[in-house]
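Novice: My structure is below; once you've seen it, I'll send some questions.
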Amino acid sequence: MTDGQHLRATFRQGDTDAVSRMADAEVERSRAAGDPAGEVEGLYGLARVALRGGDLEQAADLAKHALAVAQRAGERRLEERPRHVLAAVARLSGDHERARDLYEASIELNRVLGQDEHVHSEYHNLALVELHLGNVERARQLIAESRERVFRAGYRDFLPYLGLAGAALASEDGDMPLAARLIGFTDQAFADLGQVPDPDDARELDGIRIRVSAVLERDAFESECATGAAWTLMRAFGRTWPGDTGRCPDEE
C-alpha cells in the first residue's frame with residue numbers, strides 16, 4: 001500500500017486526527033522533495049478532513065490549492081481528486097446544480113484517465129444530486145446502473161453506498177419501512193468493512209435517518225433497521241458474489 005492509499009484508507013476508517021498528521025507530514029515532505037503528486041495527496045487529505053469537520057470554506061481553499069499544484073505540474077491525473085472535493089463542497093453547500101456540473105466533469109475526466117472505479121463513485125454522487133434536484137427517474141436509473149456495476153466489477157467497498165442510495169430512493173418514494181431497513185443494512189455494511197461514510201454521504205445518511213424516523217414510531221424504526229442490518233446481499237439487492245453467504249464478501 002502506497003502512502004496515498006494508506007492516507008485514504010485511514011480516512012475511510014474515520015481516524016481524522018491520524019489523517020491530519022499524515023497529510024501535514026506528506027505536504028511538508030513532498031514540498032521539500034519537489035514532489036507535486038505527494039503535495040496534492042496531502043492537500044487532498046487535509047481538504048477531506050475539513051469536509052468532515054464541516055469547514056467547507058477551508059476544504060474549498062485546500063482543494064483549489066491542490067488543483068493549482070496539479071496544473072503547474074501539467075499532470076491531469078493530479079487534478080482529479082481536488083476537483084472531486086470541489087464537487088463535494090458544492091453538494092454539501094446545497095448548490096446541487098453546480099455539484100451536478102462538477103460531478104459530470106469529473107466523470108468525463110476519470111473516463112479519459114481510465115479510472116473506472118472513480119467514474120463509478122462519481123455516478124453514485126451524481127445520482128444523489130439528481131434526487132435533490134427532483135429528477136427522481138434519472139436518479140433511479142443511475143442507482144440501478146450503479147448496482148449493476150458494483151456486482152459486475154466486484155466493488156466490495158461500495159456495498160454500503162448501494163444501501164445508502166437505496167434508502168434515499170425509498171425515502172423519496174415514501175416507503176419509509178424499506179428506507180429504514182436499508183439504513184440498517186448501510187450501517188452494518190460500513191461496520192463490516194471497518195469504515196465510516198465519506199462526509200457528503202454521511203450528511204445524506206443523517207438526513208434520510210431524520211426523515212424516516214420522523215414518520216415511523218421509534219420502536220418500528222428500530223425494528224426495521226435491525227431487520228435490514230441482518231439482510232444478506234441477496235435479500236437486499238437480489239444479487240451476490242459466488243460463494244457469498246452473507247452481506248459482505250469480506251466476511252467469507
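The values are calculated or read from the model by the stated rules, or taken from the named source; none is laboratory data. Treat the numbers as computed from the prediction; the structure is a model and nothing was measured. Heavy atoms of the whole protein, side chains included, go into the accessibility calculation; ligands, DNA and RNA do not. Shrake-Rupley method; radii C 1.70, N 1.55, O 1.52, S 1.80 Å.
Novice: If you average 1/r over all unlike Cα pairs in region 162-212 and invert the result, what Kirkwood radius do you get in angstrom? All intermediate terms of the calculation are to be shown ahead of the outcome.
Specialist: Working: mean 1/r = 0.0945 Å⁻¹.
Answer for region 162-212: a Kirkwood hydrodynamic radius of 10.6 Å.
Novice: I've got another one for you. Connecting C-alpha atoms closer than 10 Å in a GNM of the chain, tell me which of Arg12, Arg239, Arg91 has the biggest fluctuation.
Specialist: For the chain, modelled as a Gaussian network with Cα springs under 10 Å, the answer is Arg239.
Novice: Ok, one more. So what are the ³J(HN,Hα) numbers for region 102-112, from phi and the Karplus equation (6.51, -1.76, 1.60; θ = phi - 60°), rounded to whole Hz, Gly and Pro as x?
Specialist: So the Karplus estimates, Gly and Pro as x, are 5, 5, 5, 5, 5, 4, 5, 4, 5, 5, 4 Hz.
Novice: Next question, about the same structure. Over the alpha-carbon set of region 47-132, work out the extent along each principal axis and list the three values in angstrom, largest first.
Specialist: Principal-axis extents of the Cα atoms in region 47-132, largest first: 34, 27, 18 Å.
Novice: Under a 1.4 Å probe, what is the accessible area of the chain per residue, stated in Å²? Please report the intermediate quantities before stating the final value.
Specialist: Numbers: 11640 Å² over 252 residues.
Heavy-atom accessible area per residue stands at 46 Å².
Novice: Please give the solvent-accessible surface of Ser213 in Å², to the nearest 10, using a probe radius of 1.4 Å with every protein chain present.
Specialist: Accessible area of Ser213: about 50 Å².
Novice: Using only the Cα atoms, what convex hull volume per residue in Å³ does region 59-195 have?
Specialist: Working: hull volume 15.5 nm³, N = 137.
Hull volume over Cα atoms, normalised by residue count, gives 113 Å³.
Novice: Now for a separate question. How much space per residue, in cubic angstrom, does the convex hull of the C-alpha atoms of region 143-191 take up? Don't jump to the answer; show the numbers that get you there.
Specialist: Details: hull volume 2.5 nm³, N = 49.
With only Cα atoms used, region 143-191 gives 52 Å³ per residue.
Novice: Follow-up. Over all directions, the average projected area of the alpha-carbon convex hull for the chain comes to how many nm²? Before the final figure, lay out each step's value.
Specialist: Details: hull surface 53.4 nm².
In nm², the orientation-averaged hull projection of the chain is 13.4.
Novice: At 222 nm, what helix-only mean residue ellipticity would the chain give, in deg cm²/dmol to the nearest 500, using -39500 (n - 2.57) for each DSSP H run of four or more? Write out the running numbers ahead of the final one.
Specialist: Working: 13 runs with 201 residues, N = 252.
So the helix-based figure for the chain works out to -26500 deg cm²/dmol.
Novice: Continuing with the same structure: Take every Cα-Cα pair in region 123-252 and report what % of them are more than 24 Å apart.
Specialist: Working: 1805 of 8385 pairs.
So the portion of pairs separated by more than 24 Å is 22 percent.
Novice: So for region 139-252, averaging the separation of alpha carbon pairs under 8 Å that are six or more residues apart and normalising by length, what relative contact order in percent results? Provide the component values of the computation, followed by the final result.
Specialist: Working: 134 pairs, mean separation 32.1, N = 114.
In percent, rounded to a whole number, it is 28.
Novice: Next question. In region 1-158, what percent of the accessible surface is made up of carbon and sulfur (1.4 Å probe, ligands and nucleic acids excluded)? Intermediate values should be presented prior to the final figure.
Specialist: Working: 3290 of 7460 Å².
Its accessible area is 44 percent carbon and sulfur atoms.
Novice: Given just the C-alpha atoms of region 15-60, how large is their convex hull per residue in cubic angstrom? Could the numbers behind the result be given before it?
Specialist: Details: hull volume 2.5 nm³, N = 46.
For region 15-60, the hull spanned by Cα atoms encloses 54 Å³ per residue.
Novice: Calculate the tail of P(r) for region 1-115: the fraction of all Cα-Cα distances greater than 18 Å, expressed in %. Could the numbers behind the result be given before it?
Specialist: Numbers: 3271 of 6555 pairs.
So the portion of pairs separated by more than 18 Å is 50 percent.
Novice: Right, something else. What translational diffusion coefficient, in µm²/s and rounded to a whole number, does the Stokes-Einstein relation yield for region 90-167 at 37 °C and a viscosity of 0.692 mPa s, taking the hydrodynamic radius as the Kirkwood radius over Cα pairs? List each step's numbers first, then the result.
Specialist: Numbers: Rh = 12.6 Å.
Answer, rounded: 261 µm²/s.
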